[in-house]
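Taking it in order: structure first as structure tokens, then the write-up.
Values quoted throughout were computed directly from the atomic coordinates according to the rules given, and no laboratory measurement underlies them. Model, not experiment: these values are computed from the prediction. Methodologically, a virtual Cβ is constructed for each residue, glycine included, from the backbone with ideal geometry; neighbour enumeration extends over all protein chains shown.
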Amino acid sequence: MKRLFRSIYDWFVSVARVIRRQFHLTFTDLGVMIFFLFLPLVYPLIYSLIYNPEVTRDMPVVVVDDCRTAMSREFVRQCDATEAISIIGYAANMSEARECLNEHRSYAILEIPKDYEQHLGRGEQGVVHFYCDMSLLFRYRTFLMSLTTLQVDECSRLRQIAFNTIGIPDNRAPSSIQPQAFMLGDTQQGFASFIIPGIVVLVLQQAMLLGISMLSGWSNERRRKYGFDPFQIRCSASATVLGKGLAFTVIFFPLAIFTLHFVPEIFHYPHIGDPLQYLALILPMLMATSFLGISIEGIMRERETCFIAIVFTSVIFLFLSGLTWPRYAMNPIFVILGNFIPATWAVEGFVQINSTGAGLNEVSAQYLWLWGLVVFYMLTAVVVTRYRDNRRLVPASV
């Protein structure tokens, strides 16, 4: 029994020594510190500044009014009153309007046909043509929402005029439709409010993988040079993996607090979740990512390998996370691949907690998946580390 307790004590001492050595190797490597500090601290700020302001308003629109009646002018005034459209003037014909659009003096053309008032006067459908520059879909979406609301209001106004014409008093006419929009999770309907909460989680994962991969490449370079890594603590593979994983998690946890809590506060993104809830969710994501980085250290033969392996996968991880395309619409193979990426579940859980106020119990599936990945990648990291330690290398000749 005494020997058992001694073995357990020695194992914990080895874990502590690995943690201390990993702190030393990390904070004395400038390249690793750039990935560990610069990316999580600066990248979210850069992304937020690029997408700020995130809501497009008063976009210039040119009008081609072939109807030239009081009703068509009233419709143009209603368009100009919306927050999305700013009428910059009238064009004589479509050729002049297209020239204005091609020169980027306007982003859309509003064309009112000559028979617009005639159709409305006969109670028929009046058609208005709207041509939008599709170089930025965000502008198109804002135009579409404003015109849809304007269409409903205009139909209600015309209906009211028709009832007044036939003699129905205003107090007896059917009430006009008053559309109201309630934007859940993204109250401003801004692109940054939609994309940044998920991007910051991916930045944390990729920054950690880049730093760990650079340290692994440096270690493999020393092993090829000396036949072993002189900076490695001689202990069991499990103690090595747990010590490294805890060290990386401790380093990144304060960065996660800044990225997930203070960045949304600074730029006024949706931020209604309980910090304790999403920090409890992000903890297993950081641990799973650290063990994932240790698991792939065998392919990092040089320090520079991380740029090829990790940076290349950033776009793939972004797609598999479901930010750019919903996971339920993906091919089952991509869904399975995404299940093994820690950021996939962290993005889903963090967005629900942070943007919609969900509790940890409501994202229990994501939370359990993350802890499952912690166990899975810890086991793979132990196997890889044990194989690497048992592999003998011949020192390179000088």
**Study point:** Residues SER146, SER106, sorted so that the one with the fewest Cβ neighbours within 10 Å comes first
**Key:** SER146, SER106
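Using a Förster distance of 56 angstrom, determine the FRET efficiency expected from the C-beta separation of ARG141 and ASP10, and round it to 0.05. Don't skip to the end; give the middle numbers.
On the way: r = 62 Å, r/R0 = 1.10.
Calculated value: 0.35.
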Check your understanding: What ranking do TYR90, TYR43 get, fewest neighbouring Cβ atoms within 10 angstrom at the top?
Key -> TYR90, TYR43
Review point. Mean separation of Cα pairs under 8 Å and 6+ residues apart, divided by the residue count of the chain: what relative contact order is that in percent?
Key: 21
Practice item. Output the relative contact order of the range 59-165, whole-number percent, from Cα pairs under 8 angstrom with separation of 6+ residues. Key: 29
Study note, to complete from the structure: Rounded to one decimal in nm, the spacing of the 7 Å Cα→Cβ label points at HIS261 and PHE163 is 5.4
**Study point:** Residue-averaged 222 nm ellipticity for the chain, from DSSP H runs of 4+ at -39500 (n - 2.57), nearest 500
**Key:** -20500 deg cm²/dmol
**Study point:** At R0 = 51 Å, FRET efficiency that the Cβ-Cβ distance of LYS2 and ARG327 yields, to 0.05
**Key:** 0.45
Exercise for review: Please give every one of the aspartates and glutamates within straight-line cross-link reach of LYS225, meaning a C-alpha to C-alpha distance under 20 Å, and leave out same-chain neighbours fewer than 8 residues apart.
Suggested key: ASP29, GLU297, GLU302, GLU304, ASP389
Exercise for review: Just grab the label-to-label distance for GLU74 and ASN102, each label 7 Å out from Cα along the Cβ direction, in nm (one decimal).
Suggested key: 3.7
**Study point:** Residues LYS244, LYS114 arranged by fewest to most Cβ contacts within 10 Å
**Key:** LYS114, LYS244
Practice item. Name the shape class, rounded, prolate or oblate, that the alpha-carbon gyration tensor gives for the chain, where a ≥ b ≥ c are the square roots of its eigenvalues, rounded holds for a/c under 1.5, and otherwise prolate holds if a/b is larger than b/c and oblate otherwise. Key: prolate
Revision key, fill the gap. Computed from the beta carbon distance with a Förster radius of 35 Å, FRET efficiency for LEU337 and MET94 to the nearest 0.05 stands at 0.10
Practice item. Could you please state, rounded to a whole Å, how far the C-alpha centre of the range 140-163 is from the C-alpha centre of the range 294-365? Key: 42
